[in-house]
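Below is one structure, written out as structure tokens, with a few remarks after it.
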Amino acid sequence: MSEDSTYVGMDVHRKTIAISMLRPGSSQAVEWQIPHESSAVGRLIRKLRRERPVRCCYEAGPLGYTLKRDFDRSDLPCIVVAPSLIPVRHGDRIKTDRRDARKLSELLRADLLTAVQPPTESEEAVRDLCRCREDAQLDLARARHRLNKFLVRRGRFFNEGYAWSQSHRTWLHKQQFEHDADRAVFEDYLLVVEQGEARVAALDEQLEDICQTAPYRDAVGALRCFRGIATVTAVAIVAELHDLRRFASAPRLMAYLGLVPSEYSSGGKRRLGAITRAGNRHVRRLLVETAWHYRHKPAVGVQLRKRRLGQPPEIIALADKAQRRLCRRYRRMVMRKKHHNTIVVAIARELVGYLWETLRIVAPART
């Protein structure tokens, strides 16, 4: 880092922003606090312009990237810092907004902070749509559970097929209750389930429309060539990763997704633990769910064949190679008596390498 620059750390909250500024050649920080309002942020930006050259930072969090975009529009360098990678002094037991801001400015000057890659506004919109669909699916599952548990408490059991099949729905609509209160509860629970299904279907249509547009068309189409990855999973992976070029290798992407083992090695002893679970949990969950498909023998079913229509031959060949290798590895680990969860996570980690190679081929660099 340049000694001639001014370094600004900001501890950002919904109502206030604590600021610490280190000027060149000074070890004493200038500290103040402003309300988190557009007018106050504008005055802060004008003040920092007079301190050029200046570098700013704040932690990533629930407030998103609005503040960074305000700084970018004013041509002021500002990075968003990964909170989990900020160095921590174990003996420091006092935490305040002022101290956090000063710590950020000092670490920024020492070049000890790790910046995250923020999505563009359009990428963030698609990512939030994918997460909205995920939330809607969870709400639907909860609504179905409530309805099923109510029916179980009333001694109503469906044993004639799969739950939520057409026969199950027909059976639901035939249920009759003696008490008005039971009837009201059943109808309300069933209405919530039907509304949830309509909500998920509407969001699926929105995602389908997005998949037909650039820059998602090619990447989603390529990922759909893999077994266990349909439209919703493919677009969610692309939206969450948003700029694959920031990962120089597949192992770096594996580490970003938290699928690599934790390690505590010292004194010549190497100890590996559970996966780190760092990084993006949304993609990690999708990949683990996808990995379960590779316990079956390699095959190309009707739906997978339809998804592959019109896709590049090299992508299809890569997907077939992944299917054969991952299935073979799954069976080998089963023979070694590994726990099934350990096996699936290992398959998901190796699948990341194939997906990284696929997206590297089809996904263009961000402009």
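Pull out the extension gain between residue 339 and residue 280, defined as 0.36 nm times the separation in residues minus the alpha carbon to alpha carbon distance; nm, one decimal.
Values: separation 59, 0.36 × 59 = 21.24 nm, distance 2.40 nm.
Gain on extension, residue 339 to residue 280, equals 18.8 nm.
Within 12 Å, Cβ to Cβ, of residue 357, how many net charges do the neighbouring residues add up to if Lys/Arg are +1 and Asp/Glu are -1? Mind dumping the intermediate values first?
On the way: positive: 321, 360; negative: 314, 350.
Charge balance in the 12 Å sphere: 0.
Under 26 Å between alpha carbons, and skipping anything fewer than 8 positions from residue 297 in its own chain: which lysines qualify?
Result set, ordered by chain and number: 306, 321, 337, 338.
Checking understanding here: applying a Kyte-Doolittle mean of at least 0.0 and a length along the axis of at least 30 Å (C-alpha), which whole DSSP H helices in the chain pass?
Both cut-offs are met by 340-362.
Sorted from largest down, give the three principal axis spans of the alpha carbons of the chain, whole angstrom values.
78, 56, 48
Within 10 Å of each candidate Cβ there may be at most 11 other Cβ atoms; applying that plus a DSSP loop requirement, which trypsin sites (Lys or Arg not before Pro) in the stretch 1-109 survive?
Values: sites: 14, 15, 43, 46, 47, 49, 50, 55, 68, 69, 73, 89, 93, 95, 98, 99, 102, 103, 109; in loops: 14, 15, 50, 89, 93, 95.
Qualifying residues, ordered by number: 14, 15, 50, 89, 93, 95.
Loop-only GluC sites (Glu not before Pro) in the stretch 104-197, please: DSSP not H, G, I, E or B, and at most 11 other Cβ atoms within 10 Å. It would help to have the intermediate numbers written out before the result.
Working: sites: 106, 121, 123, 124, 134, 160, 178, 187, 194, 197; in loops: 160, 178.
Loop-located and lightly packed - 160, 178.
Using Stokes-Einstein with the Kirkwood hydrodynamic radius over Cα pairs, what translational diffusion coefficient do you get for the stretch 27-69 at 25 °C and a viscosity of 0.890 mPa s, in µm²/s rounded to a whole number? Spell out each step's value before the answer.
On the way: Rh = 12.1 Å.
Translational D for this selection: 203 µm²/s.
Take the eigenvalues of the Cα gyration tensor for the stretch 121-211, scale each by 5, and report the square roots as semi-axes in whole Å, largest first. Working shown, then result.
Numbers: eigenvalues 208, 36, 21 Å².
Result for the stretch 121-211: semi-axes of 32, 13, 10 Å.
Taking the number of other C-beta atoms within 10 Å as the exposure measure, put 254, 333 in order starting with the fewest. Can you show the working numbers first?
Details: 254 23, 333 17.
Lowest count first: 333, 254.
Roughly speaking, what is the stretch gain from residue 168 to residue 46, that is 0.36 nm per residue apart minus the C-alpha to C-alpha distance, in nm to one decimal? Working shown, then result.
Values: separation 122, 0.36 × 122 = 43.92 nm, distance 6.38 nm.
Length gained, residue 168 through residue 46: 37.5 nm.
With both partners inside the chain, how many of the DSSP beta bridges are antiparallel, as a percent to the nearest 5?
Details: 16 of 25 bridges.
Close to 65 percent.
Between the stretch 150-214 and the stretch 230-295, what is the C-alpha centre distance in whole Å?
34 Å
Pick from 334, 302, 283: which residue has the top mean-square fluctuation in a GNM of the chain where Cα pairs under 10 Å get a spring?
302
Cross-link candidates for residue 174: which lysines have Cα within less than 23 Å, leaving aside residues fewer than 8 places away along the same chain?
149
If I take every Cα pair under 8 Å that is 6 or more residues apart in the chain, average their sequence separation and divide by the length, what percent do I get for the relative contact order? Please report the intermediate quantities before stating the final value.
Details: 446 pairs, mean separation 47.5, N = 367.
Relative CO of the chain lands at 13 percent.
Per Stokes-Einstein, at 25 °C and 0.890 mPa s, what whole-number D in µm² s⁻¹ belongs to the stretch 216-362, with the Kirkwood radius over Cα pairs as the hydrodynamic radius? Spell out each step's value before the answer.
Working: Rh = 15.8 Å.
Taking Rh from Cα pairs, D becomes 155 µm²/s.
Counting only DSSP beta bridges with both residues in the stretch 6-109, tell me the antiparallel percent, nearest 5. Numbers along the way, then the final one.
On the way: 12 of 21 bridges.
Around 55 percent antiparallel, to the nearest 5.
Going toward the positive end of the dipole of the chain, with +1 on Lys and Arg Cβ and -1 on Asp and Glu Cβ, which of 225, 18, 79 do you reach last?
225
Along Cα→Cβ, 7 Å out, is where each label goes; now give me the distance between the ones at residue 269 and residue 204 in nm to one decimal.
Label at residue 269, label at residue 204, 5.2 nm between them.
Take every Cα-Cα distance within the stretch 6-109, group them into 10 Å bins from 0 onward, and report for each bin the whole-number percent of pairs it holds.
15, 53, 28, 4
Which three lengths, in whole Å and largest first, does the stretch 93-136 cover when its Cα atoms are put on their principal axes?
That works out to 40, 23, 13 Å along the principal axes.
Read the figures in this text as sums done on the coordinates, not as results from a lab. It should be emphasised that the depicted structure is a prediction, and the values quoted were computed from it without experimental measurement. Because the Cβ atoms are built from the backbone with ideal geometry, glycine has one as well, and the counts that use them run over all protein chains shown.
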